[in-house]
Amino acid sequence: FKVTYPANISCGSPTTFKFELTDDITGTAPSEAKYRIYYLMVHDGSEYVNVYDISKKGNSDYSPKDTFEFTFYASGKYYIRFNAGYTNAAGQFTYLDTGAYDRGIVLEINDPAYPSVEEITARIVGECQAVCSTDFDKAVWLNDWVVDNCSYDNELKYCSAEGALARGTGTCEAYHRAYVMLLNKAGIATGRITGNGHVWTAVKLDGKWYQVD
C-alpha cells in the first residue's frame, strides 16, 4: 500500500493524496480495492487531537476512489493515517494501513501566509489583552471573537481548534477547543463539559466556575 503526495505542501488549496495498492499474491492491483482516511491529527502539547472528524457522516467510509483531498489552513505538524482493504487471490480479506503517529505519514507544513494555530492564538489574545483588563472582560471578548469569526460546520468534518481559528468553521468540539486555547493563553482556567452529544466550556472567573456555550 503506497501513498504519494506533493513534497512541498501549500495551504489554502487542496492537497491530493494518491493511493496505490498491490495484491500480495498476484502482484497486481486488485480491482475491488477500497480506501479510507483513518485519522488526520495534530499534537496539541498534551495529546493527539483530530483535525478531521472521521466519526461523522461517513467521513471515514471505505471507497473505491484512489485519491483523497484535504486543504490545510494552518502551518504545523500533521499526522495522517490511511487504510486499504481488499479480498486477495486466496479469498482472504487483507487490511493494510500507512502506520500510526510518527511511524506513519508525518507532514511538516511551513507556509508563511498561513500561521500555525499557536501563532493565531497568540495574535488574538494579544489583541484581547490590549483592550481588556479583567478576566471577565477577556472571557467575554474571546468568546465573542470565536462567535464572530466561526460558523458551524454542518458537514461535521472539522473538530479541532484549527477549524475555528484557522478555517473559520467547525463543530462544537472545534468551538470548545479554540476557546480553551484562547483562555489558557490569557491565563484563565478552563474545563470541559459534555452531554447529549455536545461539548461546551467551563470558565473560572473570580474563584467561581461558569458555563459558556
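The values are calculated or read from the model by the stated rules, or taken from the named source; none is laboratory data. It should be emphasised that the depicted structure is a prediction, and the values quoted were computed from it without experimental measurement. Cβ placement follows ideal geometry from the backbone for every residue including glycine, while neighbour counts extend to all protein chains displayed. Protein only, heavy atoms only, side chains kept; ligands, DNA and RNA dropped before computing areas. Shrake-Rupley method; radii C 1.70, N 1.55, O 1.52, S 1.80 Å.
Okay, here's what the table says:
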quantity	calculated
Close pairs from the stretch 69-86: first within 23 Å of Asn110 (Cα to Cα), partner in a strand (DSSP E or B) and of a type in the set (Asp, Glu), Cβ under 7 Å, at least 6 apart	Ser75/Asp111; Lys77/Glu108; Arg81/Asp97; Phe82/Asp97
Residues (in contact with an Asp or Glu (Cβ under 8 Å, 6 or more places away or on another chain) and open to solvent by 30 Å² or more (accessible area, probe 1.4 Å)) located in the stretch 146-168	Leu156, Lys157, Tyr158
Hits in the stretch 169-213 - residues which are without any contact (Cβ under 8 Å) to a residue 24 or more places away in the chain and buried (at least 17 other Cβ atoms within 10 Å of the Cβ)	Thr169, Gly170, Val180, Thr190
Whichever residue in the stretch 5-46 is more than 18 Å from Lys157 (Cα to Cα) and β-branched (Val, Ile, Thr) and, among such residues, is modelled with the lowest pLDDT	Ile25
Any hit, the stretch 136-144, residues being of a type in the set (Val, Ile, Thr), under 20 Å from Ser160 (Cα atoms) and surrounded by fewer than 18 Cβ atoms within 10 Å (Cβ to Cβ)	no
Hits in the stretch 114-147 - residues which are among the β-branched types (Val, Ile, Thr) and not in a helix (DSSP H, G or I)	Thr134
Sole residue being among the aliphatic types (A, V, I, L, M) and free of Cβ contacts under 8 Å to residues at least 60 places away in the same chain, chosen from Val125, Val117, Val131	Val131
Answer from Thr190, Thr121, Thr171, Thr194 - the residue that is in contact with an Asp or Glu (Cβ under 9 Å, 6 or more places away or on another chain) and either over 18 Å from Asp44 (Cβ atoms) or of a type outside the set (D, E, K, R) (or both)	Thr171
Scan of the stretch 63-113 for residues that are open to solvent by 40 Å² or more (accessible area, probe 1.4 Å), assigned to a strand (DSSP E or B) and more than 23 Å from Tyr158 (Cα to Cα), ordered by number	Thr87, Phe93, Tyr95, Leu96
Complete set of residues in the stretch 38-62 that are surrounded by 14 or more Cβ atoms within 10 Å (Cβ to Cβ) and more than 15 Å from the chain's Cα centre (by Cα)	Tyr62
